[in-house]
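The values are calculated or read from the model by the stated rules, or taken from the named source; none is laboratory data. Not measured: the values here are computed from a predicted model. Here Cβ is always computed from backbone atoms with ideal geometry, including for glycine, and neighbour counts include all displayed protein chains. For the accessible areas, the whole protein counts, side chains as well, though only heavy atoms, and no ligand, DNA or RNA atoms are used. Shrake-Rupley method; radii C 1.70, N 1.55, O 1.52, S 1.80 Å.
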Amino acid sequence: MITFLDIKNINLQYRQELIEACTSVIDSGWYIQGNECNKFEEEFSSYCGSKYTVGVANGLDALILIMRAYIELGDFNENDEVIVPSNTYIASILAISKNNLTPVLVEPSMDTYNIDINKIEDKITSKTKAIMVVHLYGQAVEMESILSLAKKYDLKVIEDSAQAHGAYDKNKRVGSIGDASGFSFYPGKNLGALGDGGAVTTDDESLANTIRALGNYGSHKKYENLYKGTNSRLDEIQAAMLRVKLKYLDSEIKHRRQIANYYLDNIKNENLLLPNIKEQSSHVWHLFVIRAKRRGEVQKYLSQNGIQTLIHYPVPPYKQEAYSEWSNQKFYISEMIHDEVLSLPISGIQNIEDTIKIVEVVNGFK
Ligand SMILES: *Cc1c(COP(=O)(O)O)cnc(C)c1O
């Protein structure tokens, strides 16, 4: 069986270095808020091209804390609205709800599966405070028109970059384009820790300081609590693992791109639609997502021929029990995407033999 994502072998590439990094944290006797996290924050800022990085416990917290900080700083108030794509992973939307802000769903474009810029302006009201873009599947949103819309209506732009570490829009990397960006280092992400982890990047010093305090019980200074904060920190072991893996991220992205290009050049099957890309650098191929009207049959056929695939995502957030208040809303584009998408295996270590086999099998679907 060709597995969808072989996380074990991804990490085994760096086994020796990971063990050394882990040992050094164990021996240091310092496990939270130390040198490894500080160094990782510096290195990740320099990788993304942002002034500040704040390590947090996971990607969901990164997004929650960005909006919580805007509330504490007086930029957002309860019940304000945040625009977000209707087909995102539910975490983007949960982060908005968690702050008692109102998610306003906007359909994606069929071309990129990212938010449809032409549908945003209609949804802006006097309560709108931000646009959250999601660089879905690893493809950077084209930010220019989003930024000018945000400027026109005085909105913050929040990036959900959980799937797109290293992707470029024009000459800027995600995480350095909007006002603030949330990253996830969940083990299966392109930059994955060996446990949970996340980070916020921003150029805004007061936002960065507020997020850092909020993630540390609301405290800037030991035993002084400005806010009713929470505990959300990137621990030293995970930061050390991420420092090892960050060094190899660009070469893993390059490898993913080679596989994606091989798929794009060689998959030829009229039953399937392939992804569209604008620029090579704009997509880091967290997922290689095809579409098929007969998705169920394609998935079953691939599985019977030894290829594991997954669906990102089978049920849209607005159809989940958790959001039953939206059960009568209709999003036709999202619906079609959720009914048709199928993710083929892709990773920084997938070999050419497997890649060729996948193409042969996919092309054989009738
Ligand atoms: C993974 C993911 C998150 C959440 O990250 P966690 O680290 O799992 O909390 C948020 N948004 C998107 C788009 C994701 O893919």
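If you restrict to DSSP beta bridges whose two residues both lie in the chain, what percentage is antiparallel, to the nearest 5? Working shown, then result.
Working: 23 of 40 bridges.
The antiparallel proportion sits near 60 percent.
Identify all lysines with a Cα-Cα distance to Lys293 below 19 Å; exclude those on the same chain that are fewer than 8 residues away in sequence.
Lys268, Lys366
Long-range amide H contacts for Val104: which residues qualify at under 5 Å (H placed 1.01 Å from N, peptide plane, sequence gap of 5 or more or a different chain)?
For Val104, whose amide H was placed from the backbone, the distant partners under 5 Å are Val82, Ile83, Val84.
If Glu236, Glu20, Glu121 are ordered by their accessible area, calculated over protein heavy atoms with a 1.4 Å probe, which sequence runs from highest to lowest? Write down the numbers at each step before the final one.
Numbers: Glu236 5, Glu20 105, Glu121 70 Å².
Accessible-area ranking of Glu236, Glu20, Glu121, largest first: Glu20, Glu121, Glu236.
Just how far, in whole angstrom, is the range 177-225 from the range 268-321 if you go by their alpha carbon centroids?
One Cα centre to the other: 31 Å.
Which of the helices in the chain, when you take each full DSSP H run, stretch at least 18 Å along the axis at their Cα atoms and have an average Kyte-Doolittle score of 0.0 or higher? Present the calculation step by step, with values, prior to reporting the outcome.
Working: long enough: 15-28 (20 Å, 0.04); 35-48 (20 Å, -1.23); 59-72 (20 Å, 1.23); 236-266 (43 Å, -0.67).
Answer set is 15-28, 59-72.
Summing -39500 (n - 2.57) over the DSSP H runs of n ≥ 4 in the chain and dividing by its residue number, what mean residue ellipticity at 222 nm do you reach, to the nearest 500 deg cm²/dmol?
On the way: 11 runs with 139 residues, N = 366.
Value at 222 nm, helices only: -12000 deg cm²/dmol.
If you find the alpha carbon centre of the range 1-76 and of the range 106-139, how far apart are they in angstrom?
27 Å
How big is the dipole moment of the range 198-275 about its Cα centre under a simple scheme where the beta carbon of each Lys and Arg is +1, that of each Asp and Glu is -1, and everything else is neutral? Debye, nearest 20, please. Could the numbers behind the result be given before it?
Working: 12 positive and 10 negative charges, 50 e Å.
With Lys and Arg at +1 and Asp and Glu at -1, about 240 debye.
Pairs of alpha-carbon atoms within less than 8 angstrom and 6+ residues apart define the contacts here; what relative contact order does the range 160-311 have, in percent? Working shown, then result.
Working: 197 pairs, mean separation 29.4, N = 152.
Computed value for the range 160-311: 19 percent relative contact order.
Please get the size of the charge dipole for the chain, origin at its Cα centre, with Cβ charges of +1 on Lys and Arg and -1 on Asp and Glu, quoted in debye to the nearest 20. Before the final figure, lay out the partial values.
Values: 39 positive and 47 negative charges, 91 e Å.
In total the dipole reaches around 440 debye.
When a/c reaches 1.5 or more, the comparison of a/b and b/c decides; with that in mind, is the chain rounded, prolate or oblate per its Cα gyration tensor? Intermediate results must be reported in sequence, preceding the final value.
Working: a/c = 1.95, a/b = 1.19, b/c = 1.64.
Here the chain falls in the oblate category.
My understanding is that a pair violates if its Cα-Cα distance is over 24 Å; which of Lys172/Lys357; Lys39/Lys221; Lys51/Lys172 do that in this structure?
Numbers: Lys172/Lys357 35 Å; Lys39/Lys221 20 Å; Lys51/Lys172 13 Å.
In this structure, Lys172/Lys357 lie more than 24 Å apart at Cα.
Are there trypsin sites (Lys or Arg not before Pro) in the range 227-301 that DSSP marks as loop and that have at most 15 other Cβ atoms within 10 Å, and which are they?
Lys228, Lys268, Lys278, Lys293, Arg294
In square angstrom, rounded to the nearest 10, how much accessible surface does Glu279 have for a 1.4 Å probe?
Approximately 110 Å² of Glu279 is accessible to the 1.4 Å probe.
Using only alpha carbon pairs under 8 Å that are at least six residues apart, calculate the relative contact order of the chain and give it in whole percent.
Values: 748 pairs, mean separation 81.5, N = 366.
Answer for the chain is 22 percent.
To make sure I understand the rule: partners must be lysines, Cα under 19 Å from the Cα of Lys152, and not fewer than 8 residues away in the same chain. Which ones qualify?
Here the lysines satisfying the reach criterion relative to Lys152 are Lys119, Lys123, Lys127, Lys129.
Ordering Tyr217, Tyr52 by accessible area with a probe of 1.4 Å, largest first, what comes out?
Tyr217, Tyr52
Suppose every K and R has +1 on its Cβ and every D and E has -1 on its Cβ; what is the size of the dipole of the range 238-356 about the Cα centre, in Debye to the nearest 20?
Numbers: 15 positive and 13 negative charges, 44 e Å.
About 220 debye.
Protein chains only, probe 1.4 Å: how do Cys22, Cys37 rank by accessible area, largest first? Working shown, then result.
On the way: Cys22 35, Cys37 10 Å².
Most to least solvent-accessible, the answer reads Cys22, Cys37.
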